[in-house]
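Derivation of every value follows stated rules applied to the coordinates shown; laboratory data play no part. Owing to the predicted nature of the structure, the values given are computational and were not obtained by experimental measurement. Here the Cβ is made from the backbone with ideal geometry for all residues, glycine too, and neighbour counts use every protein chain on show.
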Amino acid sequence: MNGSTLTASAIVSFSQDLELRLATFYKELEQRFPEHAELFHSFVLSCEKTGKQVVRTYQETVSDALETGYSFGGISLEAYRLDWDLPEAPSLREAVEMAQALETSAVAFYSDVAGASESLLATIPRAFKRAGRTHQRRREALEALLPDPV
Amino acid sequence: MAILKEPIRGVLDLQNYIDGEWVDSTGELQDIVNPATMTTIGHVPMSTADEMAAAVAAAQAAFPEWRRTPPLARARCLFRLKELLEDSFEELSRIQTMEHGKTIDESRGETRRGIEMVEVATGIPNLMMGANLEDVAAGIDETLIRQPLGVFGIIAPFNFPFMVPLWFAPFAVATGNCVVVKPSPRAPLSQSRIAELAEEAGIPEGVWSVVHGDQEAASAMMAHPDVKGVCFVGSTPVGREIYRRCGATGKRVIAQCGAKNFAVVMPDADIDMTVASLMTSFFGNTGQRCLANANLVVVGEGLSASEHDAFYRRVVDAFVSMASRITVGYGLDEAVQMGPIKDPSSKERVLGYIQKGIEEGATLRLDGRTFDLVGNELPRDCFIGPTVFEDVTPEMTLAQDEIFGPVAAMIRARSFDEALSMIDANPYGNAASIFTSSGRWAREFRYRVACGNIGVNVGIAAPMAFFPFSGMKDSFFGVLHGQGQEAVRFFTESKVVIERWF
């Protein structure tokens with residue numbers, strides 16, 4: 001790697017991985033916290049939808065004429081990688097705080113790649129911004145699940 | 001980063017697709033080699049003249065019924081083909097990377113461009129519509145009808161193995177013609193896969209055939225009296241010969257040929273945006289594309305000599321800096337920005353041009369003969385790094401010949417007019433780009449430059465499917481171009497009916 005410029009393919013693959021792993025994570029929460037299963041299940045579906053939207057946007061706009069190999073400068077994917085493993089028998093607070101951290105990371109990822117892709121067709125940064133807003137709303141919804149601090 | 005999964009496992013033995021059947025060829029087999037790994041991924045037959053004749057005969061036999069098929073029904077076949085291509089998007093893209101070497105982003109871009117041709121051709125009920133006018137004389141009406149001609153041949157190059165036949169075939173088939181595609185023997189896999197999908201889409205037997213091979217098959221296609229026209233993309237000498245031979249037998253021809261494209265950078269250009277765009281333009285597809293820019297002309301219009309020097313230095317330094325950081329490796333590695341050249345002999349040819357540039361006095365600023373390869377275990381037979389020459393003058397071989405590799409020539413021009421005179425003096429006329437923030441320079445450029453595809457702050461002036469892929473001078477032989485309405489006109493004859501009823 002040249003250290004600072006990623007290909008569009010690498011960015012989209014990271015997005016796919018992120019959405020897949022988040023969906024898996026929320027499936028686990030759905031099992032562990034049946035009282036909130038409906039909400040966590042909706043998160044699973046939302047992750048799957050976001051993943052599809054990003055890939056579809058990429059596949060429908062990628063072209064030999066776009067600078068797909070040179071547009072994502074200054075992005076380091078390591079900055080968005082977090083610990084995904086839930087501790088055994090987590091409390092709701094532990095689980096939600098971890099989910100919030102993951103969503104915060106996702107929001108930052110989509111915000112950064114949207115900024116980096118402004119020179120590409122408008123549909124590409126728009127798709128990233130939309131994904132970022134979805135994660136932002138989810139982070140806020142998670143906040144409501146947190147029990148009051150003791 | 002991990003290597004994406006290869007869709008081809010083992011070694012494929014390609015067959016011809018003639019009259020809706022997959023048939024073995026009696027011709028000799030040639031290896032299909034993945035240039036990144038140097039592994040043989042298939043064998044392609046060098047089909048005989050008789051086999052080409054069989055495909056043309058089947059196409060000619062299928063033509064009357066296909067012609068009578070309503071345009072909307074023909075369009076529905078193409079809608080189904082489009083859906084199947086979408087479903088196979090990733091597989092098709094990875095096949096291209098394996099057979100050609102381009103990066104996965106580039107392959108996906110090529111897949112998208114190809115699918116767009118099919119999409120546009122589905123509009124054939126409107127695109128093919130004629131015209132009429134009542135009362136051109138007393139009680140007389142006149143009608144223009146567009147009718148298909150019969151069988152068309154398509155001779156494809158290796159550098160866009162998936163997309164280029166789709167510049168023509170969907171329009172030919174949509175207008176009621178039948179096609180015989182002869183893919184490049186150097187990268188034939190995509191076209192076999194497309195034929196499988198065309199079969200699945202319900203395109204009737206004989207309407208869309210694929211005959212693999214080289215000169216013998218191509219010559220048989222051109223000589224066949226039932227072939228009404230030939231579409232070719234490749235080198236200028238071959239295109240010129242095809243134009244001559246087909247002209248002698250009255251065939252229609254689209255021959256899109258070689259190029260040596262110029263990018264002109266004016267002093268008011270946004271350098272950061274320009275250089276990013278130029279990377280794709282000069283080094284995309286490893287320089288193996290007819291729309292690639294190869295000569296970068298830094299113009300000093302309105303600047304003093306010292307200011308021109310400083311501007312030239314800024315542009316070239318930024319260019320070299322970015323080019324030197326391009327990652328080279330196997331295109332299925334998502335970290336890679338530039339793949340290999342197609343084969344070792346092509347690499348040798350590019351290396352020869354680098355040596356020639358040195359001998360002619362150009363300054364080798366970035367030497368692609370030494371470079372880091374992502375994936376050290378890969379054989380280096382076909383890899384070469386981005387190469388940049390400075391102090392190039394327009395008469396040098398570097399600036400004249402189509403190198404078809406990742407070699408950039410930096411040239412100075414004192415004025416806009418001098419830059420245009422360089423473009424004018426070059427025998428090719430495929431594409432040219434200008435980078436400027438001045439509408440005046442942009443307008444002058446597009447008005448005066450004799451190239452078929454003009455980019456304004458765009459490095460790759462690639463026309464969309466609904467515009468013609470143009471070309472001038474030694475870059476194009478023919479009258480009508482591929483894609484869009486011009487393709488519809490190429491694949492149809494205009495018939496005029498003048499009616500009076502007593």
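Data overview
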item: 10 Å binning of all Cα-Cα separations within chain B, expressed as whole percents from 0 upward; result: 4, 19, 28, 25, 15, 6, 2, 0, 0
item: Helical mean residue ellipticity (222 nm; -39500 (n - 2.57) per DSSP H run of 4+; nearest 500) of chain B; result: -12500 deg cm²/dmol
item: 3J(HN,Hα) from dihedral phi, the range B:304-317, Karplus parametrisation 6.51/-1.76/1.60, rounded to Hz, x for glycine, proline; result: 6, 4, 5, 5, 5, 4, 5, 5, 4, 4, 4, 5, 5, 4
item: For residues of B:322-333, the mean tally of beta carbons on other chains within 10 Å; result: 2
item: Top positive-direction residue, dipole computed over the protein assembly as shown with Cβ charges, set B:Ala55, A:Ser105, B:Thr69; result: B:Thr69
item: Environment charge of A:Glu28, counting only residues whose C-beta is closer than 12 Å and scoring Lys/Arg +1, Asp/Glu -1; result: 0
item: Amide H partners (placed H, <5 Å) of B:Asn430, local residues excluded; result: B:Lys260, B:Gly452, B:Met472
item: Net charge, B:Ser321 excluded, C-beta distance under 14 Å - Lys, Arg +1, Asp, Glu -1; result: +1
item: Burial order of peptide ranges A:118-127, B:264-273 (average beta-carbon count within 10 Å, highest first); result: B:264-273, A:118-127
item: Pairs beyond 22 Å (Cα-Cα), from B:Lys251/B:Lys342; B:Lys82/B:Lys260; A:Lys52/B:Lys102; A:Lys27/A:Lys52; B:Lys82/B:Lys342; result: B:Lys251/B:Lys342; B:Lys82/B:Lys260; A:Lys52/B:Lys102; B:Lys82/B:Lys342
item: Extreme residue, positive dipole direction of chain B, given options B:Met163, B:Gly357, B:Phe477 (C-beta unit charges); result: B:Phe477
item: The range B:328-366: GluC sites (Glu not before Pro) in DSSP coil with no more than 10 other Cβ atoms inside 10 Å; result: none
item: Dipole magnitude of the protein assembly as shown about its Cα centre (Cβ charges: Lys, Arg +1; Asp, Glu -1), debye to nearest 20; result: 1400 debye
item: Neighbour-count order for A:Leu145, B:Leu420, fewest beta carbons within 10 angstrom listed first; result: A:Leu145, B:Leu420
item: Charge dipole (debye, nearest 20) of the range B:261-456; +1 at Cβ of Lys and Arg, -1 at Cβ of Asp and Glu; result: 300 debye
item: Cβ crowding within 10 Å averaged over residues, with B:396-406, A:82-92, B:19-29 ranked highest first; result: B:396-406, B:19-29, A:82-92
item: Charge sum, other residues only, whose C-beta stays under 12 Å from B:Arg489's C-beta, Lys/Arg counted +1 and Asp/Glu -1; result: 0
item: Peptide-level mean, for B:98-110, of C-beta atoms on other protein chains within 10 Å; result: 5
item: Nearest 10 degrees, 0 to 90: helix A:37-61 Cα axis against chain A principal axis; result: 0 degrees
item: Cα-projected label distance for B:Val497 with B:Ser324, points at 7 Å along beta-carbon direction, nm; result: 7.0 nm
item: Ordering of A:6-13, B:115-122 by burial proxy (mean other Cβ atoms within 10 Å per residue, highest first); result: A:6-13, B:115-122
item: Packing-based exposure ordering (other Cβ within 10 Å, fewest first) of B:Val151, B:Val458, B:Val479, B:Val388; result: B:Val479, B:Val458, B:Val388, B:Val151
item: Inter-chain Cβ neighbour average for residues A:5-14, partner chain, 10 Å; result: 6
item: Nearest-ten-degree value, helix B:71-87 long axis tilted from longest Cα axis of chain B; result: 40 degrees
item: Low-density loop positions, trypsin sites (Lys or Arg not before Pro), the range A:33-90 - DSSP coil, at most 14 other Cβ in 10 Å; result: A:Arg81
item: Estimated distance in nm for a label pair at A:Asp85 and B:Ser235, the labels positioned 7 Å out from Cα along Cα-to-Cβ; result: 5.9 nm
item: R0 of 45 Å, Cβ-Cβ distance B:Glu200-B:Glu377: FRET efficiency to nearest 0.05; result: 0.75
item: On Cα atoms only, tilt of B:271-283 relative to the major axis of chain B in degrees; result: 60 degrees
item: Rough spin-label spacing in nm, given labels placed 7 Å along Cα→Cβ, for B:Arg76 and A:Gln16; result: 3.4 nm
item: Structure-based [θ]222 nm, chain A - -39500 (n - 2.57) summed over DSSP H runs of at least 4, per residue, nearest 500; result: -22500 deg cm²/dmol
item: Gain upon complete extension [B:Glu395, B:Asp268; 0.36 nm per residue less C-alpha separation]; result: 43.0 nm
